[in-house]
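**Student:** A single structure is presented below for examination.
Derivation of every value follows stated rules applied to the coordinates shown; laboratory data play no part. From a predicted model like this one, the values you see are computed outputs, not experimental measurements. Here the Cβ positions follow ideal geometry from the backbone for every residue, glycine too, while neighbour counts run over all protein chains shown.
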Amino acid sequence: MSNKTISENQLIALVSIIQFVHVVDFMMVAPLGPDFAKSLGFSLSDIGWIVGVFAAAAAVSAFFSAKYLDRFERRGLLNFCLIGMAGGTCWAGLATDFEHLLYARIVTGLFGGPANAVAIALIIDKVPNERRGRAMGIVMGAFSIASILGLPIGLYLATWFGWQAPFFAITVLLLLLVVLNLILLPKSEQAPTHGLKRFQFRKFFNRRVTWLCLLMNMSALFAAFLLIPHISSYIQFNRDYPRDDLGFLYLVGGLASFILMRITGPAVDRRGAFMLSLIATLLAIASVYLGFYAQYLWFSMPLLFFFFMGAMSMRNVVATTVTSMVPDDHERAAFMSINGAIQHASAAFGAFISSQIVSNGGHGEIIGMAKLALMAMLIYALLPVFVMLIEKSQLGRKNQSLTS
């Protein structure tokens, strides 16, 4: 056993970096979609398939590996997954047609699903419930940092060196993370209390709170990915926003995400998840209505990105914090893997469905965006309901364990 130790803050920082790279690897495909669609010769409406196959593959691998994740040493498993992601991402940069790019993203997703689950399980292992909202706020802040730095840099790299450059840059970062994990993480960094107790699927899925939690995350990701694959095409071809300024929009949205996430994490600890879920949901619905449904021209693109991405980040912090309190000690990695599978599957389904609803107009514009926006708003409204039901179920479960 290694004598190496890692502090809570160091672990949060390390997992945040892993999340940052994972998010950039997943999310950069959507804004870069028009670039490689033009280069590889496929329709803009097919970008949803490129986005969706990563999520679908991640869902499959995360679900089928869930039963075994808590039996493996955390550091070795995490590095194995990161190396696999690096291989798939590098292959994407070398793709010469639509099919090769599709296969490369499948490979990346197959390793990305378990990698994300193990990384989040490390946080649950180390950080107690009373500080987990703050920790999840910081870790989920990787989404905003990815928007502030990762996506704009990726877009500029694509402008200067071609659409392949961001994929190669992410490959290098993933390999550097493997080295960083070897330096910082103790070899025995595993959930300290689960021992050899096995994850029981039947018992796990017999709980009402499990289904509520999974449905909450499923609805949130499905709604988001109805819109996300087509936002870049929409603002370029429907709203005539310059391609060269696209990085600025993600910078603005990332700043909003960073600010609101830093506020939301501690606020969940102090004020409760339901109140924050309600605020985030109202903000999300308002931004989608103004920017994508009614499509008011006075609602500028920077303003849209500020409120839309900020609201999405707030919702993510709330949902992740609530989710982290559901699994028992010996279920942590398995639970997060199943949850990740559900999230990725929902994102893939949303992306696939969106590609069936929208089409391209004569000048490249996206037709059908308002339909996607209406569907997303209706589903967004479910988050506060799920949060309330989960908290009520968790309280009942806690009272039952105290009386038994």
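**Student:** Enumerate the amide H contacts of Tyr241 below 5 Å, restricted to partners 5 or more residues apart or on another chain; note that Pro and chain-start residues carry no placed amide H.
**Tutor:** Hits under the 5 Å cutoff: Gln236.
**Student:** Taking +1 at the Cβ of each Lys and Arg and -1 at the Cβ of each Asp and Glu, which of Ala165, Ala370, Val209 sits farthest along the dipole of region 8-398 towards its positive end, judged by Cα position relative to the Cα centre?
**Tutor:** So the residue we want is Val209.
**Student:** Separate question: Mind listing the phi-derived Karplus ³J(HN,Hα) values for region 7-16, rounded to whole Hz, using 6.51, -1.76 and 1.60 with θ = phi - 60°, and x for any glycine or proline?
**Tutor:** 6, 4, 5, 5, 5, 4, 5, 5, 5, 4
**Student:** Let me ask you something else. Answer with one residue from Gly150, Ala95, Gly109: the one whose Cα lies farthest towards the positive end of the charge dipole of region 8-398, charges on Cβ with Lys, Arg +1 and Asp, Glu -1.
**Tutor:** Farthest along the dipole direction, towards plus: Gly109.
**Student:** Measure nothing fancy, just the Cα-based angle from helix 29-40's long axis to the longest principal axis of the chain, in degrees from 0 to 90, nearest 10.
**Tutor:** For 29-40 against the chain, the angle is about 50 degrees.
**Student:** Now for a separate question. What angle, in degrees between 0 and 90 and rounded to the nearest 10, separates the Cα long axis of helix 151-161 from the longest principal axis of the Cα atoms of the chain?
**Tutor:** The two axes meet at around 50 degrees.
**Student:** Arrange Leu215, Leu283, Leu151 by Cβ neighbour counts within 10 Å, fewest through most, would you?
**Tutor:** Lowest to highest Cβ neighbour count: Leu215, Leu283, Leu151.
**Student:** Using only alpha carbon pairs under 8 Å that are at least six residues apart, calculate the relative contact order of region 8-398 and give it in whole percent.
**Tutor:** Value for region 8-398: 30 percent.
**Student:** In addition: Give me the distance in nm between label points sitting 7 Å out from Cα along the Cα-to-Cβ direction at Ile263 and Glu99, one decimal.
**Tutor:** 5.1 nm
**Student:** While we're looking at this one, here's another question. Please give me the summed charge of the neighbours of Leu40: other residues whose Cβ is under 11 Å from its Cβ, Lys and Arg +1, Asp and Glu -1.
**Tutor:** Here the count lands on -3.
**Student:** Count the net charge of all other residues whose Cβ sits under 14 Å from the Cβ of Leu278, scoring Lys and Arg as +1 and Asp and Glu as -1.
**Tutor:** +1
**Student:** 7 Å from Cα along Cα→Cβ at both Ala381 and Leu176: what's the point-to-point distance in nm?
**Tutor:** 4.6 nm
**Student:** Summing +1 for each Lys or Arg and -1 for each Asp or Glu, what net charge is found among the other residues whose Cβ lies under 13 Å from the Cβ of Ala57?
**Tutor:** Overall, the nearby charge balance is 0.
**Student:** Using 1/(1 + (r/R0)^6) with R0 = 35 angstrom and r between the beta carbons of Asp244 and Leu282, what's the FRET efficiency to the nearest 0.05?
**Tutor:** My answer for the efficiency is 0.55.
**Student:** Right, something else. Neighbour counts of other C-beta atoms within 10 Å: give me Trp298, Trp91 arranged from fewest to most.
**Tutor:** Taking fewest neighbouring Cβ atoms as first place, the list is Trp298, Trp91.
**Student:** What ranking of Val29, Val326 emerges when the number of other C-beta atoms within 10 Å of each C-beta is taken as an exposure proxy, fewest first?
**Tutor:** Val326, Val29
**Student:** Once phi is turned into θ = phi - 60°, what whole-Hz ³J(HN,Hα) does the Karplus curve with 6.51, -1.76 and 1.60 give for every residue of region 367-379, x standing for Gly and Pro?
**Tutor:** Whole-Hz 3J(HN,Hα) from phi for region 367-379: 9, x, 5, 5, 5, 4, 4, 5, 4, 4, 4, 5, 6.
**Student:** What are the ³J(HN,Hα) values, in whole Hz, obtained from phi via the Karplus relation 6.51 cos²θ - 1.76 cosθ + 1.60 with θ = phi - 60°, for each residue of region 294-308 in sequence order, with x given for Gly and Pro?
**Tutor:** So the J values, rounded to whole Hz, are 6, 6, 5, 5, 6, 7, 5, 4, x, 5, 4, 5, 4, 7, 5.
**Student:** Still on this structure, I have one more. Under a point spin-label approximation (7 Å from Cα along Cα-to-Cβ), what is the Met388-Arg270 distance to one decimal in nm?
**Tutor:** Reported label-point gap for Met388 and Arg270 is 2.4 nm.
**Student:** Right, another one. Could you give the length gained by full extension between Glu73 and Ala13, i.e. 0.36 nm per residue of separation minus their alpha carbon distance, to one decimal place?
**Tutor:** So the chain would gain 19.6 nm between Glu73 and Ala13.
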